[in-house]
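Undergrad: Got a structure for you, written out below as structure tokens; questions coming shortly.
The values are calculated or read from the model by the stated rules, or taken from the named source; none is laboratory data. No experiment lies behind these values; they were computed from the predicted model shown. Cβ coordinates were reconstructed from backbone atoms using ideal geometry, including for glycine residues, and neighbour counts include every protein chain displayed.
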Amino acid sequence: MAEMDKTRLASIVAALVKDSEKFREDRSADRQRAVEYYDGTMSDIPHVQGRSAVVTRDVRSSIKKVLPSITRTILGNDTVVRYEPVNQDDEESSKQATDYINLIVFPESGGYAVVRNAIFDALLNKNGVIKWWCEEKTDIKASYHTGLDDMEHSVLVGEKDVTVLEHTERQENIGEQIVTVHDVRIIRRVTEKQIKLAAIPPEEFLVHPDALCVDESPIVGHNWKLRRTDLVAMGYKRELVWSFAKAGSNDTEGTAEKESRRNTVDEQDELEIALEEVDFYDLCVRVDFDGDGIAELRRVVFAGGLGEKNLLENEYWDEVNYADIIAEARPHQREGQSVAEDLIPIQRIKTVLLRQTMDNLYWQNMPQPIVQDDMIINAEAVLNPSFGKPIRVKAGVNVNDAIGYNRVPFMADKSYAMMEYLDGQASDTTGINDASSGLAPDALQNMTAKATALLEQGGIGQIELMVRTIAEGLKRVFRGLLRLTIQHQDKPRMVKLRNQWVTFDPRAWNAGMDATVNTGLGAGTRERDMMVMGQVIGLQEKAFAAFGPDNPFVKPDNFYNAAAKMLEAAGLRSAEPYLTQPDPQEVAAQLEKLRNKPNPEQMKIQAQMQLEQAKMTANRDKEMAQMQADAHIKNIELEKESIGRREQLEADATREAMKIEFEREKLSSTERLKMYELQQQRDLKILEMNAAAMAKSTGEDESVQIGEDGAVSKQSLLADAIGNLSMLIQQMAVQSNQPKRIVRDPMTNEVIGFESIQPEVMS
């Protein structure tokens with residue numbers, strides 16, 4: 001079949017746009033109501049004049065609680081996305097793409113604000129939409145150059161897109177030569193390409209009502225208003241752009257939602273034609289343009305209408321450059337479930353109850369007066385009271401009878417209980433509470449640790465599901481950014497990355513690499529992630545200790561990733577200031593050095609063994625020295641004891657010898673004394689016998705007397721004998737009491753006797 005003509009194409013696109021716009025407008029009322037409830041205007045519950053107009057802000061409160069947690073979870077670190085290799089040759093390019101997209105492309109395209117706004121739209125309006133594209137824009141830059149020589153001038157004016165505005169030649173003395181120099185003023189048309197991201201407002205997004213996802217919709221696009229000068233700057237011809245009808249000239253479908261986001265000047269006369277706005281359609285449509293029977297994806301651009309003359313671009317397109325961002329997915333539907341949708345009924349009921357409660361309190365503070373006009377002179381003083389204004393009654397009238405008040409029952413306490421119940425319902429419905437937002441609620445103070453943990457996990461679990469659902473939508477965005485980078489960056493680019501200048505050339509990268517959005521650092525999960533990563537690092541350290549750095553289980557990159565994840569979980573935005581990404585070449589060189597060196601662990605074990613041996617040797621030497629010292633001391637003690645025993649034995653022997661000698665001396669003296677006594681007795685007996693004999697012979701008395709003539713009497717002989725015996729006993733006593741010394745054999749040193757020691761004579 002023949003190729004489709006532009007008229008047919010415009011007709012098909014117009015029909016698809018009409019269906020999409022009708023679907024969009026049907027949802028406009030719901031989106032507008034969500035915005036009103038978020039802002040607290042709530043036009044569906046008008047307040048009664050004279051009554052409370054207060055509103056609750058449940059939608060706003062819940063979104064403000066959960067939005068920072070989700071945003072921090074996804075955007076809380078430098079590595080928002082990681083690209084995974086799909087082929088063996090993609091290992092290095094995947095790392096380069098991860099660094100380049102996260103640190104260069106994503107920030108330059110305004111990605112952080114775009115993702116935050118899309119998440120907000122998902123929480124408030126069911127779906128957030130992100131668009132990505134490469135913007136090619138021409139800019140005019142003027143410059144002035146002086147003192148150029150002929151070569152420099154020719155090179156400058158010969159450059160593409162350079163127009164010379166002024167040119168002057170002059171002569172200058174350079175050394176001893178006179179040369180011609182040029183002064184040139186030029187303008188340069190610079191065409192720049194830049195990857196862009198944008199969060200599309202729901203009222204500007206077009207998708208077919210029958211679509212289950214944007215990738216399968218017959219039409220997906222963006223419809224908004226642009227100024228004519230913007231279209232010319234985009235490269236479209238001025239004459240064509242000036243022929244388009246201005247926006248609103250044929251628009252009868254304008255909505256309050258659209259106008260609420262625009263701030264335009266109504267006085268047309270005050271606007272130049274270049275600043276007029278026209279309708280602009282950037283669409284991805286599936287249509288069988290080439291007539292082969294298969295609908296292919298094409299990008300078509302219209303401005304000022306959807307007619308054939310309004311068609312600006314019609315080209316083959318490789319992907320739908322739009323992504324739905326959904327917080328809570330509905331099975332088999334493109335649209336998600338919003339937080340506002342869950343909370344609008346609750347906020348409506350709470351607003352009514354709060355207004356009634358306030359009215360009830362107002363009635364308690366200002367009860368309705370009851371006045372009898374015929375008893376009060378100035379009834380307005382009661383009906384419209386003011387401080388110090390008197391109330392005058394007629395004479396003789398009791399004031400209590402003239403004035404009364406209508407007492408309204410106090411029912412506010414019932415409303416408080418009901419509103420607490422509704423708060424619990426809101427938390428159960430959305431999963432949003434103080435715990436899920438990363439704050440410890442006061443109610444947790446009186447709960448057990450286990451109950452608190454269960455409550456926190458319950459809230460965090462629902463928020464984690466939201467995060468993962470949002471991350472699925474962001475995967476399309478980051479895959480699209482990678483393809484755009486590969487397609488439109490046609491030359492290497494040098495950028496400063498981690499304090500180093502690095503050159504990236506995306507042309508060699510694989511555009512089909514998969515993308516993984518990092519999650520897991522939200523409220524309540526940081527402590528868990530830090531604990532898990534601590535365990536992982538512990539296992540890695542054990543593997544290093546057991547098998548060395550060149551082991552098959554843990555590589556340096558694995559250890560770096562674990563440590564970086566630990567720092568991210570601790571709340572640090574980037575691990576770059578604290579850790580350095582391992583260089584493969586440097587790692588290989590270090591491993592080669594380590595292979596030629598003893599294993600540090602083995603060296604450690606060897607050193608430990610040497611230390612143990614040294615300790616054992618020292619202990620052995622110490623024990624030997626101690627044993628020797630103990631033996632020496634023992635020998636000394638034994639010798640001392642032996643000497644003591646020997647001396648004791650000698651002393652005992654001496655005492656025994658002295659005793660024996662004393663006993664012998666004593667015995668000898670006793671025997672001598674007895675012998676002497678016996679001798680004296682014998683002598684005395686002889687004397688007595690002689691005396692008796694002489695007396696008998698002479699006849700005289702028995703007493704013997706020896707006179708001067710030689711005669712001896714019996715009494716005198718006896719006295720002499722007794723005196724001699726006493727003297728002998730005294731001599732023996734004196735001799736026995738005298739000190740004695742041991743007498744030894746000069747040869748054998750044995751004791752052979754004792755001798756008395758004569759006392760020294762004092763002079």
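Undergrad: Find all pairs meeting these conditions: Cβ atoms under 7 angstrom apart; at least six residues apart or on different chains; first residue within the stretch 144-170 and under 11 Å from ILE186 (Cα atoms); second residue of a type in the set (D, E, K, R) and assigned to a strand (DSSP E or B).
TA: Listed pairs, sorted by first residue: TYR144/ARG185; ASP161/ARG188; ASP161/ARG189; VAL162/ARG188; LEU165/ARG185; GLU166/ARG185.
Quick grid of which residues meet (1) assigned to a helix (DSSP H, G or I); (2) at pLDDT below 90; (3) not acidic (Asp, Glu):
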site	(1), (2), (3)
SER93	yes, no, yes
PHE106	yes, no, yes
ASP121	yes, no, no
THR138	no, yes, yes
LYS141	no, yes, yes
GLU152	yes, yes, no
VAL155	yes, yes, yes
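Undergrad: Being modelled with pLDDT of 80 or more and either over 26 Å from GLY76 (Cα atoms) or not in a helix (DSSP H, G or I) (or both) narrows it down to one of MET627, MET531, so name that one. Spell out how you get there, then give the answer.
TA: Numbers: MET531 fails: either over 26 Å from GLY76 (Cα atoms) or not in a helix (DSSP H, G or I) (or both).
Residue meeting the stated conditions: MET627.
Undergrad: Then there is this: Being surrounded by 12 or more Cβ atoms within 10 Å (Cβ to Cβ) and at pLDDT below 75 narrows it down to one residue among GLU671, GLU647, GLU663, GLU601; which is it?
TA: On the way: GLU671 fails: surrounded by 12 or more Cβ atoms within 10 Å (Cβ to Cβ); GLU647 fails: surrounded by 12 or more Cβ atoms within 10 Å (Cβ to Cβ); GLU663 fails: surrounded by 12 or more Cβ atoms within 10 Å (Cβ to Cβ).
Being surrounded by 12 or more Cβ atoms within 10 Å (Cβ to Cβ) and at pLDDT below 75 holds for just one of GLU671, GLU647, GLU663, GLU601, which is GLU601.
Undergrad: Please determine, by comparing only the residues of the stretch 565-580 that are assigned to a helix (DSSP H, G or I) and touching a residue at least 40 places away in the same chain (Cβ under 8 Å), which one is nearest to VAL80 (Cα to Cα). Don't jump to the end; show me each part of the working.
TA: Just the residues of the stretch 565-580 that are assigned to a helix (DSSP H, G or I), to begin with: 565-569.
Restricting the remaining residues to those that are touching a residue at least 40 places away in the same chain (Cβ under 8 Å) gives 568-569.
Details: GLU568: 11, ALA569: 14 Å.
In this case the residue turns out to be GLU568.
Undergrad: Inspect the stretch 337-351 for any residue being in a loop (DSSP other than H, G, I, E, B) and surrounded by fewer than 12 Cβ atoms within 10 Å (Cβ to Cβ) and give the result as yes or no.
TA: Checked the stretch 337-351: no residue is in a loop (DSSP other than H, G, I, E, B) and surrounded by fewer than 12 Cβ atoms within 10 Å (Cβ to Cβ).
Undergrad: Could I ask something else about it? Can you say whether ASP324 is under 55 Å from the mean Cα position of the chain (by Cα) and loosely packed, with under 15 Cβ neighbours inside 10 Å, as far as the supplied structure shows?
TA: Values: under 55 Å from the mean Cα position of the chain (by Cα): yes; loosely packed, with under 15 Cβ neighbours inside 10 Å: no.
No.
Undergrad: Still on this structure: Scan the stretch 37-77 residue by residue and report those that are without any contact (Cβ under 8 Å) to a residue 40 or more places away in the chain and over 30 Å from VAL517 (Cα atoms).
TA: At the first step, the residues of the stretch 37-77 found to be without any contact (Cβ under 8 Å) to a residue 40 or more places away in the chain are 39-41, 43, 46, 48-50, 60-61, 64.
Those that are without any contact (Cβ under 8 Å) to a residue 40 or more places away in the chain and over 30 Å from VAL517 (Cα atoms): ASP39, GLY40, THR41, SER43, PRO46, VAL48, GLN49, GLY50.
Undergrad: Those residues that are closer than 30 Å to GLY424 by Cα and in contact with a strand residue (DSSP E or B) (Cβ under 9 Å, 6 or more places away or on another chain), I need them from the stretch 342-392; list them, please. Give the derivation first.
TA: The initial filter retains those residues of the stretch 342-392 that are closer than 30 Å to GLY424 by Cα, namely 342-364.
Hits for the stretch 342-392 are ASP342, TRP363.
Undergrad: Going by the conditions given, is VAL129 out of contact with any Leu (no Cβ under 9 Å at 6 or more places or on another chain) and either of a type in the set (A, V, I, L, M) or in contact (Cβ under 8 Å) with a residue 60 or more places away in the chain (or both)? I'd like the intermediate steps shown before the answer.
TA: Working: out of contact with any Leu (no Cβ under 9 Å at 6 or more places or on another chain): yes; either of a type in the set (A, V, I, L, M) or in contact (Cβ under 8 Å) with a residue 60 or more places away in the chain (or both): yes.
When the stated conditions are applied, VAL129 passes them.
Conditions tested, residue by residue: (1) touching a Phe, Trp or Tyr at 6+ places or on another chain (Cβ under 7 Å); (2) in a loop (DSSP other than H, G, I, E, B); (3) not hydrophobic (A, V, I, L, M, F, W, C).
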{"position": "ASN378", "(1), (2), (3)": "no, yes, yes"}
{"position": "ALA381", "(1), (2), (3)": "no, no, no"}
{"position": "VAL397", "(1), (2), (3)": "no, yes, no"}
{"position": "TYR405", "(1), (2), (3)": "no, no, yes"}
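Undergrad: Ok, one more. Report, by residue number, each residue of the stretch 21-49 that is within 13 Å of PHE205 (Cα to Cα) and assigned to a loop (DSSP other than H, G, I, E, B).
TA: Hit for the stretch 21-49 is ARG27, nothing else.
Undergrad: I would also like to ask the following. I'd like to check something: does the stretch 163-175 contain any residue that is on the phi > 0 side of the Ramachandran plot and in the same structural domain as VAL301 (by TED's automatic domain parsing)?
TA: From the stretch 163-175, those on the phi > 0 side of the Ramachandran plot are 175; that's our starting set.
From what's left, in the same structural domain as VAL301 (by TED's automatic domain parsing): none.
Looking through the stretch 163-175, none of the residues is on the phi > 0 side of the Ramachandran plot and in the same structural domain as VAL301 (by TED's automatic domain parsing).
Undergrad: I would also like to ask the following. Regarding ALA53, is this residue at pLDDT 90 or above, small (Gly, Ala, Ser) and assigned to a helix (DSSP H, G or I)?
TA: Details: at pLDDT 90 or above: yes; small (Gly, Ala, Ser): yes; assigned to a helix (DSSP H, G or I): no.
No; evaluated as a whole, the condition is false for this residue.
Undergrad: Now for a different question. For the condition closer than 30 Å to PRO107 by Cα and at pLDDT below 90, what is the one hit in LEU474, LEU497, LEU484, LEU444?
TA: On the way: LEU474 fails: at pLDDT below 90; LEU484 fails: at pLDDT below 90; LEU444 fails: closer than 30 Å to PRO107 by Cα.
Being closer than 30 Å to PRO107 by Cα and at pLDDT below 90 holds for just one of LEU474, LEU497, LEU484, LEU444, which is LEU497.
Undergrad: Keeping to the stretch 37-76, report how many residues are over 39 Å from the mean Cα position of the chain (by Cα) and surrounded by fewer than 18 Cβ atoms within 10 Å (Cβ to Cβ). Steps first, please.
TA: Quick first cut of the stretch 37-76, residues over 39 Å from the mean Cα position of the chain (by Cα) only: 41-55.
Among the residues that remain, those that are also surrounded by fewer than 18 Cβ atoms within 10 Å (Cβ to Cβ) are: 41, 43-54.
Residues in the stretch 37-76 being over 39 Å from the mean Cα position of the chain (by Cα) and surrounded by fewer than 18 Cβ atoms within 10 Å (Cβ to Cβ): 13 in total.
Undergrad: Considering every residue within the stretch 110-125, establish whether at least one is within 29 Å of the chain's Cα centre (by Cα) and among the polar types (S, T, N, Q).
TA: Yes; the residues of the stretch 110-125 include at least one that is within 29 Å of the chain's Cα centre (by Cα) and among the polar types (S, T, N, Q).
Undergrad: When the stretch 540-591 is examined, which residues are found to be of a type in the set (A, V, I, L, M), under 28 Å from TYR112 (Cα atoms) and surrounded by 16 or more Cβ atoms within 10 Å (Cβ to Cβ)?
TA: Residues satisfying the conditions are ALA562, ALA563, ALA564, MET566, LEU567, ALA569, LEU572, ALA575.
Undergrad: Let me ask something else. Among VAL301, VAL320, which is part of a loop (DSSP other than H, G, I, E, B) and at pLDDT 90 or above? Explain how you work it out, then say what you get.
TA: Details: VAL301 fails: part of a loop (DSSP other than H, G, I, E, B).
One residue alone meets the criteria, VAL320.
Undergrad: Please name all residue pairs, on different chains or six or more residues apart, with Cβ atoms under 7 Å, provided the first residue is in the stretch 403-426 and is over 30 Å from VAL371 (Cα atoms) and the second residue is basic (Lys, Arg) and modelled with pLDDT of 85 or more.
TA: MET419/LYS350; LEU422/LYS350
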